[in-house]
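Written out below as structure tokens is the structure these notes cover.
The values are calculated or read from the model by the stated rules, or taken from the named source; none is laboratory data. Note that the structure is a prediction, hence the values are computed from the model and not measured. With ideal geometry, Cβ positions are generated from the backbone for all residues, glycine too; neighbour counts draw on all protein chains shown.
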Amino acid sequence: MTIRYRVCSSKICRPSVDNEPCFIRYKILSCSLKKIFKLFLTATHLADIKNLDDQTDKRFGILSPIKNIIKYEIKNRDAGPINIQTFLIVNRATIQEENPILQNFEIPSIEQIQNLKANFKKEIGKNNCIKL
């Protein structure tokens, strides 16, 4: 039986300006003979506490409707991350009108778009020809 203790290493919970660390702690029990793992948690993530304090709905990552728009731009126009980000900024009002859920949505960073594009290209494989 092996016991391991871990602290939160999430980018979201990293110490803020106040330098307060995340309160979450993990205790992991593992048995290599029976291949059994048990995970125990204590406390609450710092990000969850801050969200409760702000009373706002903070979403992390790219929302699904925005992902679909980005995937469409990649597949049909083979657009790069900067072009996609510019497209989202220029057409923000139109996107919000078509989908009311996306009111005041956050524009993804270029790094997020690059990661999504790389994963999407792997997903579709060689089916990435440009349609005219």
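Of all residues being at pLDDT 75 or above, hydroxyl-bearing (Ser, Thr, Tyr) and outside any helix (DSSP H, G or I) in the range 27-66, which is surrounded by the fewest Cβ atoms within 10 Å (Cβ to Cβ)? Just the residue, please. The residue in question is Ser32.
Quick one: would you say Ile113 is in a helix (DSSP H, G or I) and of a type in the set (Val, Ile, Thr)? Criteria met by Ile113.
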